[in-house]
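S.K.: The structure follows.
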Amino acid sequence: TLKCATASMPCWDKDENVWYDFPGEEDFTGYTATPSGLKIKDLAVDSDLVELAKNAPTPDAVKGSNTVEIFIVGYLLSPRYRTATDEAISNYYDPESKLSKYYDIRNRDPRMFQIGRLTLTLGKSKLIKGFEEALSTMRVGMRRSVIIPPELAYGARGSIQGTGFLKPIPPNGELLFNIELLKILRG
């Protein structure tokens with residue numbers, strides 16, 4: 001049985017296909033494009049949070065509720081990391097491979113550049129435009145998948161490793177984030 005790396009991280013031993021995994025080819029449908037070019041797809045919510053996710057407020061700077069706590073997983077869609085070869089991706093999903101998510105919880109999808117909990121203040125943090133737009137309409141308990149084009153992300157400059165990322169974001173990187181809004185903090 002797989003064990004969690006830390007108590008605050010979700011475990012694959014509960015469900016081998018979790019909501020924040022990289023989507024399969026068939027899961028890239030159903031995104032809605034916003035006028036800015038951001039693509040948003042709301043994901044299924046935990047059954048015990050359905051009512052909360054329907055009725056909870058969204059972050060609101062005027063009401064002092066623009067600080068949020070989220071769980072996030074970020075993937076690079078394009079260009080690919082050199083280490084994200086077809087073979088590496090195949091090994092990650094192969095239950096027989098020692099490089100798979102089924103073998104060791106510490107193994108990461110080769111396209112992943114970020115995973116974990118974050119506390120952010122919308123409008124004050126140095127968030128990329130697409131990420132801020134995606135969070136601004138979420139409710140507590142909601143899960144969302146967003147595809148952020150380079151012009152709403154890090155653009156031609158990219159982002160270096162060491163800014164909370166496992167890997168740097170290359171110039172003109174298109175990003176996929178799977179996000180869960182855990183709470184809105186007052187203050």
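S.K.: Within the range 118-137, how many residues turn out to be open to solvent by less than 60 Å² (accessible area, probe 1.4 Å) and part of a helix (DSSP H, G or I)?
M.R.: Residues that pass the stated criteria total 7.
S.K.: Being among the polar types (S, T, N, Q), surrounded by 17 or more Cβ atoms within 10 Å (Cβ to Cβ) and touching a residue at least 12 places away in the same chain (Cβ under 8 Å) is the filter here, so list the residues in the range 66-101 that pass it.
M.R.: Asn66, Thr67
S.K.: Now, a different point. Considering (1) open to solvent by 70 Å² or more (accessible area, probe 1.4 Å); (2) closer than 20 Å to Val140 by Cα; (3) hydrophobic (A, V, I, L, M, F, W, C); (4) in a loop (DSSP other than H, G, I, E, B), say which one Leu52 fails and leave the rest.
M.R.: (4)
S.K.: Being under 14 Å from the mean Cα position of the chain (by Cα), of a type in the set (D, E, K, R) and at pLDDT below 90 is true for just one of Arg186, Arg111, Arg117, Arg106. Which residue is that?
M.R.: Arg111 is the lone residue from the list that is under 14 Å from the mean Cα position of the chain (by Cα), of a type in the set (D, E, K, R) and at pLDDT below 90.
S.K.: Working only within the range 134-155, note down all residues that are without any contact (Cβ under 8 Å) to a residue 40 or more places away in the chain and either on the phi > 0 side of the Ramachandran plot or of a type in the set (Val, Ile, Thr) (or both). Spell out how you get there, then give the answer.
M.R.: In the first step, residues of the range 134-155 are kept if they are without any contact (Cβ under 8 Å) to a residue 40 or more places away in the chain; the result is 150, 153-155.
Answer for the range 134-155, where residues must be without any contact (Cβ under 8 Å) to a residue 40 or more places away in the chain and either on the phi > 0 side of the Ramachandran plot or of a type in the set (Val, Ile, Thr) (or both): just Gly155.
The values are calculated or read from the model by the stated rules, or taken from the named source; none is laboratory data. Just so you know, these numbers come straight off a predicted model, no measurement behind them. Glycine gets a Cβ as well: all are built from the backbone with ideal geometry, and neighbour counts include every protein chain shown. Only protein heavy atoms, including side chains, enter the accessible area calculation; ligands, DNA and RNA are left aside. Shrake-Rupley method; radii C 1.70, N 1.55, O 1.52, S 1.80 Å.
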